[in-house]
Each structure stands twice: as C-alpha cells, then as structure tokens.
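Undergrad: Structure in structure tokens, see below.
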Ligand code: GLY
C-alpha cells in the first residue's frame, strides 16, 4: 500500500506542477477538452469553488516546499480582495474560499495580511446568522430562510476565528448552525436533505426542495458527503459526541450505498437506475470525512471508516483518474448537479482526492 500511495503522490506532484506552469495566475474550475480555458477570476470572482485550487497547492507546498505551489496559491488569495470589496456575490461559501487561501496561508507562513483577510470573511459569515431560526442563511437574493447541508463545511472558519481571537461568538454560531442542521437536514435513516427552507422570522421548518439532487426526498451524494465531513469537522472543533454520531450515521448510509457500486458514488442514491450518473467528487469528499471519523473513534472502530476510505480512493484512482500531465484535471466523472454539467473533472474533486491520498500517507495539512 505504501508503495502504491507513493506512486500516486508522485503522479499528483508531476501533474500539479504542469498545471501550475500552464495556469500562471488564473483560477481553474472545470477543464474543457482537457484544458482549463476559463479563468474564474474573470468568469465569477466570487464563485464558491475559487479556493480549492489554492487549497490543493498549499497541501502540496506543505509536503514539498516547492515555491511554485506557494506562489501560485497566493494568486487566488489576492483575487479575493476584489471579491470582498465588491461584496455582492459572496455568501455562506466564504468558508470554502478563505479556509483554502487566507487561513491556509496564515497557518503555513504566518502572513498577517492573510489573517486579516480571513477574519473579515469570518465576520461576514457570522453576519449571515439568523438568530430566530439559529442557522446561517444560504445564498443571496430572496432566499432569506434557506439553509443547506453544504454550509457545514464552511463553519470551520468560525471555529478558527474563535481560536484566533478568543471571541466565543463565532463558535457559538457554528454550534447553533450545526444543531439546526441536525434537526432539519439530517434524516433518521442516515440520509440528509440538501436544502431546508425555514420561516426567517419564526425559524419554523417549512419545506425541503430538491436542490442539486434528483428530487425532493432523494439523496444527493455530494450533500451526503458534506454532511459526513462537515459533522465530523464540527465534532473535531467542538468536541461534541452528538456531531460525531451524526457524521457516523451519514457515513454508514453512504458506505451501504457505495459498496454496491464498486466504491464510487452515484450522483444521487435515490434516482432512477438509468441513465447511470456518477459523482466522483462526492466519493473523494466522503473518503476524507471517513478518514476524519477514523481519527476520532476508538481503536476497534477505526478500520470500518479507514478501510472504506481506502477502497473509495483506490477505486477513483483505478477507474477515474487521468494522469496525463499535458491534460488538465485529475479525477474524471464529477457532476455539478443532476442533469447539469455531469461527468466532468471538477476542481473540488481533485482537491478532496489529493487531501485523501495525503491523509493516507500522514502528510496532510489540516485546512479545515
Ligand atoms: N456547494 C455546492 C455544491 O456542492 O455543488
């Protein structure tokens, strides 16, 4: 296993160095015909995925100390200054964006400007808290009462801000949001809703629309992976057993589904059998969540989570990775949503795959 992981690591390093050289200061998302043609700084500076490229590069910088990774990661962080100034377009996903750029930079280099950027973002995320409903509102426009499962991955920014400033309000909001997610988004059978619409004045749960999965009541696999890793991270930061139990509940449901499909996840676990729709990004993110759970459970429980994470990451490597350094994007067959941009490489699929491999090697840098 060690030899195989080392080989994968070397392929990641070779491919990412080639991508850095081709991209320069541009920010990638989804390659077209094997090339990153769109620069997300121009397409949408505030887009939620714009931090993952830098996060992956900080992971590799931490392992290799190659200055190319550091320099390229810094470009993404700088591009968020303008997005912050414009403000419009930013929302609950500032956690994804700033944990992978400014917080990572600050943790690895101590850059004081990065700390300031990250605290601004944490203040903005905290400002989205709805005190009557006890949740962080998702998105913008008229969705005042919307909360989504994805947001669990953003609240580590609030836990970080409390650690950094000593001000408990950030962690308080993170905990309240996690509780409301358990109440309204987690289902008793271990699956979860993508979206919960709450009355923004009273906080009452109103409806649970479809979101990026097949339908309302279905089971969008990336949403399930956000729940596994998000609750596990909340457990890590808040040291609460109920969060770890929630993460394990969704993990068991996810494992029960992927072990029937060669350890790679369908886009939705409750959609029609045909056409077959994969989402490898969900597999990679869930694998990282399982490894996080494995780190927090007693010795005799660890193997279930770790072994399944290994099976998932190795299945991705065997069947879905493109290692050609002249082509952009590593993990193929990611899907943005049901019937939207399906079976393409997506930057966050690569991020979670790289984090998962580094975790298995004990080389990861804790970005969350
Ligand atoms: N957070 C949006 C998504 O998972 O596509």
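Each value in this text was obtained by applying a stated rule to the coordinates, not by laboratory testing. Values in this document were obtained by computation on a predicted structure and should not be read as measured data. Cβ placement follows ideal geometry from the backbone for every residue including glycine, while neighbour counts extend to all protein chains displayed.
Undergrad: Between rounded, prolate and oblate, where does region 178-258 land on the alpha carbon gyration tensor, with a ≥ b ≥ c its root eigenvalues, rounded for a/c under 1.5, else prolate if a/b exceeds b/c?
TA: oblate
Undergrad: Let me ask something else. Run the simple label-point estimate for residue 13 and residue 144 please: 7 Å along Cα→C-beta, distance reported in nm.
TA: It works out to 5.4 nm between the two label points.
Undergrad: Over region 52-141, what is the relative contact order in whole percent, taking alpha-carbon pairs under 8 Å and six or more residues apart?
TA: Over region 52-141, the number comes to 27 percent.
Undergrad: Let me ask you something else. Is the shape of region 194-343 rounded, prolate or oblate, going by the alpha carbon gyration tensor and its root eigenvalues a ≥ b ≥ c, with a/c under 1.5 for rounded and a/b larger than b/c for prolate?
TA: Since a/c reaches 1.5 but b/c is at least a/b, the shape of region 194-343 is classed as oblate.
Undergrad: Another one. Compute the Cα gyration tensor for the chain, then decide on rounded, prolate or oblate, letting a ≥ b ≥ c be the square roots of its eigenvalues: rounded whenever a/c is under 1.5, prolate when a/b is larger than b/c in the other cases, and oblate in all that remain.
TA: rounded
Undergrad: Something else about it: Work out, step by step, the length gained on full extension between residue 342 and residue 167: first 0.36 nm times the residue separation, then minus their alpha carbon distance; give nm to one decimal.
TA: The span from residue 342 to residue 167 would gain 58.8 nm if fully extended.
Undergrad: If each Cα of region 1-144 is one equal point scatterer, what is log10 of I(q)/I(0) from the Debye formula at q = 0.10, 0.17, 0.18 Å⁻¹?
TA: -0.39, -0.95, -1.03
Undergrad: For residue 42, put the label point 7 Å out on the Cα→Cβ axis and report which residues of region 341-361 keep their amide N under 20 Å from it.
TA: 347
Undergrad: Continuing with this model, one more query. Residues in region 42-57 near a label at residue 82, defined as backbone nitrogen under 11 Å from the 7 Å Cα→Cβ point?
TA: 42-46
Undergrad: Which whole-number percent is the relative contact order of region 159-249 (Cα, under 8 Å, 6+ apart)?
TA: The normalised contact order for region 159-249 reaches 20 percent.
Undergrad: Order these peptides, 217-230, 315-328, 295-308, by their mean beta-carbon neighbour count within 10 angstrom, highest first.
TA: Ranking, from highest mean packing down: 217-230, 315-328, 295-308.
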